[in-house]
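Before any comments, here is the structure.
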Amino acid sequence: MAKTTRELGLFLPPEKERQLRELEGLEAEQQSRVRRRMMFRWMGWGAVAVLLGQWSIGFLSFFTPKRLGAFGGTVVAGAISDFKVGDVKQVRDGKFYLTRVPEGFMALYWKCPHLGCTVPWAPQDPAMPGPPDGGDQAYTDKGRFKCPCHGSIYNRYGQIIQGPAPRPMDHFPIKFDAQGRVTVDTGPSKAISRPVATLDDVTPPPS
Ligand code: FES
């Protein structure tokens, strides 16, 4: 608070003193208005900067090629000829299991569709029935996926057999390259979910 003219040892007639006070009040109000305006202006520029930053990240990630051989990109799972019916291979880089079923290949995302735990393969456990058709029991007697968190159990097609999971394990698209290798498109956006496992989910090898 500014000192009064009396406090400063000056004398002004009361009317002048009052006018002086009014002027000081107006000036203070004007300054606070300017400060508020500046603050809103900076907030506006901040919001624009955040939007621009987000847009640039989206733009760059859209035009930047995905890393090869890592989750989020294309991962080579092995040569077609390396697999026989019933085999299950964990491919850590792509976070999936490549399963060889009689009809072809499946790449099962290892994230449990219940609450997201990583589902391990239990090769010594008993094989599971279908769907589709007779499931794994139609061609083998060992192996199943069993989630350690709440006990969901899946067969080699990813079909949920038992437990709280609401649907089969998701799977990734598979292709075969010119060198006879199995390649898998990975990443959360590539995961395909389904209400029930069918033979349409299986990618047959080239004949
Ligand atoms: S997270 Fe797998 S059963 Fe719950």
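Taken together, the values in this text are just the output of simple stated rules run on the coordinates, not laboratory data. If you're wondering where the values come from, they're calculated on a predicted model, not measured in any experiment. Every residue, glycine as well, gets a Cβ built from its backbone with ideal geometry; the counts of neighbours run over all protein chains shown.
Values as computed for the structure displayed
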{"quantity": "Summed side-chain charge close to PRO126 - residues other than PRO126 whose Cβ falls under 12 Å, Lys, Arg +1, Asp, Glu -1", "calculated": "0"}
{"quantity": "Enclosed volume per residue, in Å³, of the convex hull spanned by Cα atoms of the stretch 155-207", "calculated": "90 Å³"}
{"quantity": "Separation between Cα centres of the stretch 165-193 and the stretch 27-47, rounded to whole Å", "calculated": "54 Å"}
{"quantity": "Segment LYS16-ARG92, length gained on full extension (0.36 nm per residue, minus Cα span)", "calculated": "18.9 nm"}
{"quantity": "Point-charge dipole on Cβ atoms (K/R +1, D/E -1) for the chain, about Cα centre, debye to 20", "calculated": "560 debye"}
{"quantity": "The chain: most fluctuating residue of PRO14, PRO120, PRO166 per GNM, C-alpha cutoff 10 Å", "calculated": "PRO14"}
{"quantity": "Added length on full extension, which subtracts the Cα-Cα distance from 0.36 nm per residue, LEU199 to VAL85", "calculated": "39.6 nm"}
{"quantity": "Theoretical gain in end-to-end length, GLN124 to ASP141 [0.36 nm per residue, Cα-Cα removed]", "calculated": "5.2 nm"}
{"quantity": "Lysine pairs in the chain with Cα atoms under 25 Å, if 8 or more residues apart or on separate chains", "calculated": "27"}
{"quantity": "Cβ-Cβ FRET estimate between ALA70 and ILE192, R0 fixed at 30 Å, reported to 0.05", "calculated": "0.95"}
{"quantity": "Highest-fluctuation residue, THR140, THR74, THR99 considered, GNM on the chain with Cα pairs under 10 Å", "calculated": "THR140"}
{"quantity": "Cα lying deepest toward the dipole's positive end in the chain, options PRO131, PHE176, THR186, charges on Cβ", "calculated": "THR186"}
{"quantity": "MRE, 222 nm, helices only [DSSP H, n ≥ 4, -39500 (n - 2.57), over the chain, to nearest 500]", "calculated": "-9000 deg cm²/dmol"}
{"quantity": "Cα-Cα pairs of the stretch 74-201 separated by more than 22 Å (percent)", "calculated": "27 percent"}
{"quantity": "Residue with peak Gaussian network fluctuation, the chain [Cα springs, cutoff 10 Å], from TRP55, TRP110, TRP121", "calculated": "TRP55"}
